[in-house]
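Colleague: Take a look at the following structure, please.
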Amino acid sequence: MGLSKMQNTSTRTEGPRQTLLVPSQTYAVTVDGKTVACLDAGKADFASWEMTRPSEIVVRVDGGAIGATISPLRRNIRPVVNGETLTFSIREPGHFCVVLPNRKPLFLYIDAPDESLPGPGGRQVRYFGGGKVYDAGQIDLFSGDTLYIERGSVVRGNVVCRDAEGVRICGGGILDGSYHDNVSGEFVRSIVFENCRDVTVEGIIMVHPTTWMLVLARCEHVVVRGLKQIGSCMSSDGIDICGSRDVLIERCCLRNDDDNIAVKSLLTPDGHDWRGDVADVIVRDCTFLNGQPGNVMEIGYELSADRVGEVLFENIDVIQANGDGAVFSIHNGDRAVVENITWRDIRVEHYWDKLVDLRIVHSRYNRDESRGHIRNIRLEKIEVKGSIYNEGCSISLIGGFSPDHKVSGVRFEDVFLNGKKVTDGDAIDLHLRHATGIVFS
């Protein structure tokens, strides 16, 4: 439902404020001849709807659609371009991105109907119905609560849940962090789960954060599924996994101006103790786009823990990595032993500064006196597209801190750059320091 049909509803005493979400000035979208709301979320626009059958999509582009591509490229969707329109068919739900030269991207969030959504009047259901804009401020969740943001609604504020279990956030609606820009000018993390178990976050769209978007701090047994994010501010980390265990992230579409996924263990500057070992993290079947700065899939910098291990990134489409970060990165600045990290079946459509960046470092983010280790890292079945702009500008780094704190055991297996198998470090302009056991196969 378009914002023009939404009622602005305030749940706080200071009264309603105008949402920053406005109709796109660049794109218009129709699905099977029906108009779908297309919204401006800063550095990207988006449209979202449910799909029950194959559909024809028409996107009108102000200024012309020449040069448009549809990512992920592996889906092999070839639009028909005619002046200001591009037309293509989608046979099944998924997350897609219209990429045009010199235009911001357009994300299409196409969902299957969710039969598991609760009834609006269910027990312990915090319900925000469709067709309205709510100035909610901070929403506190407790054990057994469900926050249901219905498709077509905009909830302006943030969510905090501490020391709880069995909590769910769901629905196809929008959580808009711009509330805090307008009210207090503070930097407020959009969703924080702290010391929680059995958490589910699925389906919602997160936009206009003031800083980190979703934080999983010292949590266990977490599922994040079908989450969409557009962050356009510095430090708009997508999902921060801090001192947590048994975390599954799947079928998400994240666009951020910092790390899309970040694995950390830290004492925060504002006093939150989110330190703890990290283990058993799976990130799969996702689509990522990075702006400036940050890394696509990051472990670090803050790793004040004994161990970070058993982390798997699998079946990922990296549409763009535009900034000065890396696609594959570990920055171990504290004492942790980082081991058994795997990137498998990853497709990189564009990158700029660094492809691989695995380093033990000391930085302004870190607190431990001693440095740690990085070992047993695997990159398997990686397909990378380069361009004429990469050569001489894009590099890869593997570096230990000292002979006693080194990187060891990094295997590149079936890594391809522009269709050619990478058999040594020269192909990716790899720079080494205090690193052993670097193998290409």
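Colleague: Collect the residues in the stretch 335-369 that are basic (Lys, Arg), more than 21 Å from the chain's Cα centre (by Cα) and closer than 30 Å to Gly419 by Cα, keeping them in residue-number order.
Modeller: Looking only at the stretch 335-369, we keep the residues that are basic (Lys, Arg), and these are 335, 344, 347, 354, 359, 364, 367.
If we keep only those that are more than 21 Å from the chain's Cα centre (by Cα) as well, we get 335, 359, 364, 367.
Once the filter is applied, which keeps residues that are basic (Lys, Arg), more than 21 Å from the chain's Cα centre (by Cα) and closer than 30 Å to Gly419 by Cα, the stretch 335-369 yields only Arg359.
Colleague: Would you say Asp181 is in the same structural domain as His272 (by TED's automatic domain parsing), touching a Gly at 6+ places or on another chain (Cβ under 7 Å), among the charged types (D, E, K, R) and surrounded by fewer than 21 Cβ atoms within 10 Å (Cβ to Cβ)?
Modeller: No.
Colleague: Right, here's the next one. Starting from the stretch 67-81, keep only residues that are under 15 Å from Val318 (Cα atoms), then list their pairs with residues that are of a type in the set (Phe, Trp, Tyr) and surrounded by 15 or more Cβ atoms within 10 Å (Cβ to Cβ) whose Cβ atoms are within a distance under 8 Å, requiring at least 6 positions of separation or different chains.
Modeller: If the second residue must be of a type in the set (Phe, Trp, Tyr) and surrounded by 15 or more Cβ atoms within 10 Å (Cβ to Cβ), the pairs left are Ile70/Phe88; Ile70/Phe96; Ser71/Phe96; Pro72/Phe96; Arg75/Phe96.
Colleague: Taking the criterion of being under 20 Å from Ala321 (Cβ atoms) and in contact with a helix residue (DSSP H, G or I) (Cβ under 6 Å, 6 or more places away or on another chain), would at least one residue in the stretch 386-394 satisfy it?
Modeller: Within the stretch 386-394, none of the residues are under 20 Å from Ala321 (Cβ atoms) and in contact with a helix residue (DSSP H, G or I) (Cβ under 6 Å, 6 or more places away or on another chain).
Colleague: Looking at Gly399, Gly392, Gly372 in this structure, which one is more than 24 Å from the chain's Cα centre (by Cα), surrounded by fewer than 21 Cβ atoms within 10 Å (Cβ to Cβ) and either within 15 Å of Met297 (Cβ to Cβ) or at pLDDT 95 or above (or both)?
Modeller: Gly399
Colleague: Need a quick list: strands (runs of 3 or more DSSP E) entirely within the stretch 185-258 having at least 2 residues that are closer than 22 Å to Ser153 by Cα, out of contact with any Asp or Glu (no Cβ under 6 Å at 6 or more places or on another chain) and not aromatic (Phe, Trp, Tyr).
Modeller: 191-194, 197-202, 205-207, 228-230, 253-256
Colleague: With the checklist (1) under 27 Å from Glu250 (Cβ atoms); (2) in contact with a Ser or Thr (Cβ under 7 Å, 6 or more places away or on another chain) in hand, flag the one item Ser116 doesn't pass.
Modeller: Among (1) under 27 Å from Glu250 (Cβ atoms); (2) in contact with a Ser or Thr (Cβ under 7 Å, 6 or more places away or on another chain), the lone unmet condition for Ser116 is (2).
Colleague: Just the residues that are closer than 24 Å to Ala47 by Cα and hydrophobic (A, V, I, L, M, F, W, C), please, taken from the stretch 140-191.
Modeller: Residues satisfying the conditions are Leu147, Ile149, Val154, Val155, Val159, Ile169, Cys170, Ile174, Leu175, Ile191.
Colleague: Just to be sure, is Ile377 touching a strand residue (DSSP E or B) at 6+ places or on another chain (Cβ under 8 Å) and within 24 Å of Ile346 (Cα to Cα)?
Modeller: So Ile377 fits the description; yes.
Colleague: Here is a follow-up. Considering only residues of the stretch 307-333 that are touching a strand residue (DSSP E or B) at 6+ places or on another chain (Cβ under 7 Å) and of a type in the set (D, E, K, R), which is farthest from Ser387 (Cα to Cα)?
Modeller: Arg307
Colleague: Okay, next question. Quick check on my filter: what residues within the stretch 66-117 are assigned to a strand (DSSP E or B), aliphatic (A, V, I, L, M) and within 25 Å of the chain's Cα centre (by Cα)?
Modeller: From the stretch 66-117, those assigned to a strand (DSSP E or B) are 69-71, 80-82, 85-90, 94-99, 106-111; that's our starting set.
Filter once more, keeping what is aliphatic (A, V, I, L, M): 70, 80-81, 86, 90, 98-99, 106, 108, 110.
Hits for the stretch 66-117 are Ile70, Ile90, Val98, Val99, Leu106, Leu108, Ile110.
Colleague: Do we find that Ile319 is assigned by TED's automatic domain parsing to the domain that holds Val296, at pLDDT 95 or above and within 17 Å of Asp258 (Cβ to Cβ) in this structure?
Modeller: Working: assigned by TED's automatic domain parsing to the domain that holds Val296: yes; at pLDDT 95 or above: yes; within 17 Å of Asp258 (Cβ to Cβ): yes.
Yes, satisfied.
Colleague: While we're looking at this one, here's another question. Got at least one residue in the stretch 228-239 being of a type in the set (Lys, Arg) and more than 12 Å from the chain's Cα centre (by Cα)?
Modeller: no
Colleague: Could we say that Asn332 is of a type outside the set (Gly, Ala, Ser), within 22 Å of the chain's Cα centre (by Cα) and crowded, with 24+ Cβ neighbours inside 10 Å here?
Modeller: So Asn332 fits the description; yes.
Colleague: Still on this structure, please answer the following. So is Val167 of a type outside the set (Gly, Ala, Ser), touching a residue at least 40 places away in the same chain (Cβ under 8 Å) and farther than 19 Å from Glu186 by Cβ or not? Walk me through it before giving the result.
Modeller: Values: of a type outside the set (Gly, Ala, Ser): yes; touching a residue at least 40 places away in the same chain (Cβ under 8 Å): no; farther than 19 Å from Glu186 by Cβ: yes.
The answer is no for Val167.
Colleague: Is there a residue being touching a residue at least 60 places away in the same chain (Cβ under 8 Å), among the polar types (S, T, N, Q) and surrounded by 15 or more Cβ atoms within 10 Å (Cβ to Cβ) anywhere in the stretch 406-418?
Modeller: Looking through the stretch 406-418, none of the residues is touching a residue at least 60 places away in the same chain (Cβ under 8 Å), among the polar types (S, T, N, Q) and surrounded by 15 or more Cβ atoms within 10 Å (Cβ to Cβ).
Colleague: Residues Arg103, Arg60, Arg123: which one is more than 30 Å from Val167 (Cβ to Cβ), modelled with pLDDT under 95 and not hydroxyl-bearing (Ser, Thr, Tyr)?
Modeller: Result: Arg103 is the single residue among Arg103, Arg60, Arg123 that is more than 30 Å from Val167 (Cβ to Cβ), modelled with pLDDT under 95 and not hydroxyl-bearing (Ser, Thr, Tyr).
Colleague: Just give me the residues in the stretch 138-175 being assigned to a strand (DSSP E or B), among the small types (Gly, Ala, Ser) and buried (at least 20 other Cβ atoms within 10 Å of the Cβ), in sequence order.
Modeller: Gly157, the sole residue that qualifies.
Colleague: Return yes or no: is Val201 without any contact (Cβ under 8 Å) to a residue 60 or more places away in the chain, closer than 20 Å to Leu141 by Cα and more than 13 Å from the chain's Cα centre (by Cα)?
Modeller: yes
Colleague: Another one. Of all residues in the stretch 246-303, which are buried (at least 22 other Cβ atoms within 10 Å of the Cβ) and either polar (S, T, N, Q) or not assigned by TED's automatic domain parsing to the domain that holds Gly172 (or both)?
Modeller: Asn256, Asn260, Ser265, Thr287, Asn290, Asn295
Colleague: Check off (1) more than 20 Å from the chain's Cα centre (by Cα); (2) modelled with pLDDT under 95 for Gln292 and give me the number that stays unchecked.
Modeller: (1)
The values are calculated or read from the model by the stated rules, or taken from the named source; none is laboratory data. This structure is a prediction, so every number in the text was calculated from the model and none was measured. Quick reminder, even Gly has a Cβ in these numbers, built from the backbone with ideal geometry, and neighbours come from all protein chains shown.
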